[in-house]
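Below is one structure, written out as structure tokens, with a few remarks after it.
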Amino acid sequence: MIYFLAVLTFLIFYQFYKIVGRSDCIPDQNDAGTYRDTEITPADKAQQNAILAQWAMLKKIHSTLTPAAVIHELLDIFEKAHHAFAKGIIADVKNFLSTSILDQFQNEIKNRKGYIMQMSFLQKPECIIKKIFVDADKNCTIDTEFQSEQLVYIEDKSGAIVDNPHKLSETVKNYWVFKKNLANLSAPWMLVEMV
């Protein structure tokens, strides 16, 4: 029985890791999605200049598409999606998830078999915008990189912790892709891919 629980716990954490993120560290960034307090190489500088040009293009489409406003929206979806996944209740975020991501979340939640995931952010997650692309029909794709300090552990139905009993936190890096048609600014950003 203990072996079965150990294997099940490993599978749950592995699936959570595959869906929600992978560990690593990233440099700090500002509201424009550019790095601060780090040494900037020429390649980084070129990437920053490209992203700044992409932000300027978004601002031409509509004045509300500022780095601060867009990053705020994406961070909100990021946090809500993590909490909904942990609780196993995704009704609150299904309007922000593509069909394939929604199906993936539902399958992973179903595979928990009654185990409860406890998850919290120990600091406000950070977002770096890696790339922005807008096509001729105003379909915008934004590649993001999130960093967060997370505390995740698994409980059984009786409330006993079956994984991460010392409640150790972890720095997690997530690569998510969002899409939105900018012809309809009231529509939400959709999470379409988790790399």
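The values are calculated or read from the model by the stated rules, or taken from the named source; none is laboratory data. On a predicted model such as this, the values are computed, not experimentally measured, just so you know. Cβ sites come from the backbone with ideal geometry, for glycine too, and all protein chains shown count toward neighbours. Note: areas computed on protein heavy atoms with side chains; ligands, DNA, RNA excluded. Shrake-Rupley method; radii C 1.70, N 1.55, O 1.52, S 1.80 Å.
Can you tell me which residues in the range 85-101 are open to solvent by less than 80 Å² (accessible area, probe 1.4 Å) and either modelled with pLDDT under 95 or of a type in the set (Val, Ile, Thr) (or both)?
Within the range 85-101, 85, 86, 88, 90, 91, 93, 101 meet the criteria.
Among the residues of the range 56-74 satisfying the criterion of being among the hydrophobic types (A, V, I, L, M, F, W, C) and within 15 Å of residue 180 (Cβ to Cβ), which is nearest to the chain's Cα centre (by Cα)?
74
Tell me which of these residue 166 doesn't satisfy, since it passes every other one: (1) open to solvent by less than 10 Å² (accessible area, probe 1.4 Å); (2) over 20 Å from the mean Cα position of the chain (by Cα); (3) not polar (S, T, N, Q).
All conditions are met except number (1).
Test residue 50 against the stated conditions and say whether it is of a type in the set (A, V, I, L, M), modelled with pLDDT under 95 and open to solvent by 40 Å² or more (accessible area, probe 1.4 Å).
So residue 50 fits the description; yes.
State all residues of the range 91-121 that are under 24 Å from residue 160 (Cα atoms) and in a loop (DSSP other than H, G, I, E, B); if no residue qualifies, say none.
Correct list: 111, 112, 113, 114, 115.
Quick one: in the range 127-163, of everything that is small (Gly, Ala, Ser) and at negative phi, which residue is surrounded by the most Cβ atoms within 10 Å (Cβ to Cβ)?
148
Consider residue 77 carefully, then state whether it is surrounded by 16 or more Cβ atoms within 10 Å (Cβ to Cβ), assigned to a strand (DSSP E or B) and out of contact with any His (no Cβ under 9 Å at 6 or more places or on another chain).
So residue 77 does not fit the description; no.
Quick one: is residue 182 open to solvent by less than 40 Å² (accessible area, probe 1.4 Å), over 28 Å from residue 61 (Cα atoms) and not acidic (Asp, Glu)?
No: the conditions fail for residue 182.
Scan the range 56-72 and report the pairs whose first residue is within 15 Å of residue 185 (Cβ to Cβ) and free of Cβ contacts under 8 Å to residues at least 60 places away in the same chain and whose second residue is among the aromatic types (Phe, Trp, Tyr) and in a helix (DSSP H, G or I), with Cβ atoms within less than 8 Å and a gap of 6+ or a chain change.
The qualifying pairs are 66/55.
Provide a single number: the residues in the range 185-195 that are in contact (Cβ under 8 Å) with a residue 24 or more places away in the chain and open to solvent by 60 Å² or more (accessible area, probe 1.4 Å).
So the answer is 1.
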